[in-house]
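To keep things clear, I will list the structure first and then write my remarks on it.
Every number here is computed from the coordinates shown, using simple stated rules; none is lab data. Small disclaimer: the values here were computed from a predicted structure and weren't measured. All Cβ positions, even for glycine, are placed from backbone atoms using ideal geometry, and neighbour counts span all protein chains on display.
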Ligand SMILES: [Zn+2]
C-alpha cells in the first residue's frame with residue numbers, strides 16, 4: 001500500500017493532550033472545525049512536489065532550524081490544507097541539537113516532531129478554521145505578512161504548553177527555545193510580545209482584525225498585533 005517512506009502521522013499521547021489544549025484555546029475565540037487535518041510523515045524527497053502553495057514560501061531559502069524547513073502546511077488559497085512532516089530533516093536536526101545540548105537524540109527527535117506538528121497545526125487553524133469572515137480570511141491568508149503568519153504558528157506552540165511544568169514539557173520547551181534562537185527573523189518575532197505572549201484572547205482578537213485587513217484597509221499591521229491600539233492611535237495623530 002505504501003510505496004515510499006510516507007505514512008499517516010500517528011499522534012502520541014502527549015500530542016493528543018497538547019492538541020486538546022490548543023483546540024480549547026482556538027474554539028473559545030471563534031474558530032471551529034469538525035476534523036483534524038491530514039498529517040503525513042516521510043522523507044522530503046518522497047513527497048510529491050508542492051505546486052499550489054504560495055510561491056515564495058516553497059522556494060524560500062530556509063535555514064535548517066526554521067520549523068517550515070522541518071515540516072510544511074500545504075494549502076490552496078480557498079481550501080483547507082494538509083501537513084507534511086519531514087522525518088529525514090528532523091532526524092538530522094535532532095541529533096545536532098542533542099549533541100549541543102548533551103541530551104538523548106531520540107528524545108529530541110520526538111520533541112521536534114511534536115513542535116513541528118503543533119506549529120503546522122497553528123497554520124491550519126489560522127488559515128482554515130475561522131468562524132468570522134471565513135472566506136475573506138481563507139483567501140487572504142497567503143497575502144498576510146510572513147512575520148504575522150509565523151508568529152501565530154509559534155504562539156500556538158507556546159500556548160499548547162502554557163502553565164505545564166513536567167519533565168517532558170521542560171525538555172520540549174528547552175528544544176523549542178534552542179530552535180527559536182537559531183531560526184530566521186519571522187520565527188523569532190513573536191518574542192517581542194514578552195510576557196504578553198500568554199494574552200491569548202487579546203492576541204487572537206487582534207489577529208482577527210489583521211486577517212480582515214486587506215478588505216477594510218485600516219492599516220493594521222504587526223505593530224498593532226504587538227501593542228494594540230496604542231501605536232495605531234499614535235499613527236492617527238500624525239496623519240489626522
Ligand atoms: Zn510556519
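Couple of notes before you dig in:
- Helix-only [θ]222 nm of the chain, DSSP H runs n ≥ 4, -39500 (n - 2.57) each, per residue, nearest 500: -17500 deg cm²/dmol
- Footprinting exposure proxy ranking of 162, 148, fewest other C-beta atoms within 10 angstrom first, gives 162, 148.
- Helix 229-238 axis versus longest C-alpha principal axis of the chain: approximately 50°, rounded to the nearest ten.
- Degrees, to the nearest 10: 105-128 long Cα axis against longest axis of the chain: 30
- Segment 7-238, relative contact order in percent, only Cα pairs under 8 angstrom and at least six apart counted: 20
- Between 113, 164, 226, the GNM of the chain built on Cα springs shorter than 10 angstrom shows 164 fluctuating the most.
- Its Cα gyration tensor gives segment 7-238 an equivalent ellipsoid. The semi-axes, each the square root of 5 times an eigenvalue, are 28, 20, 17 Å from largest down.
- DSSP bridge orientation in the chain - percent antiparallel, rounded to nearest 5: 65
- At an R0 of 30 angstrom, the distance between the Cβ atoms of residue 45 and residue 177 translates into a FRET efficiency of 0.50.
- Here segment 70-162 was treated as a single set of alpha-carbon atoms; its pair distances binned every 5 Å from 0 give 3, 14, 20, 20, 17, 11, 7, 5, 2, 0 percent.
- Additional length obtainable on full extension of the chain from residue 143 to residue 64, 0.36 nm per residue less Cα span: 26.0 nm
- Equivalent-ellipsoid semi-axes for segment 132-176 (Cα gyration tensor, √(5λ), whole Å, largest first): 30, 12, 6.
- Subtracting the Cα-Cα distance of residue 191 and residue 166 from 0.36 nm times their residue separation leaves 6.7 nm of extension gain.
- 0 to 90° range, to nearest 10: angle between helix 87-101 axis and the chain longest Cα axis: 90
- Footprinting exposure proxy for 120, 192, 181 (fewest neighbouring C-beta atoms within 10 Å first): 181, 192, 120
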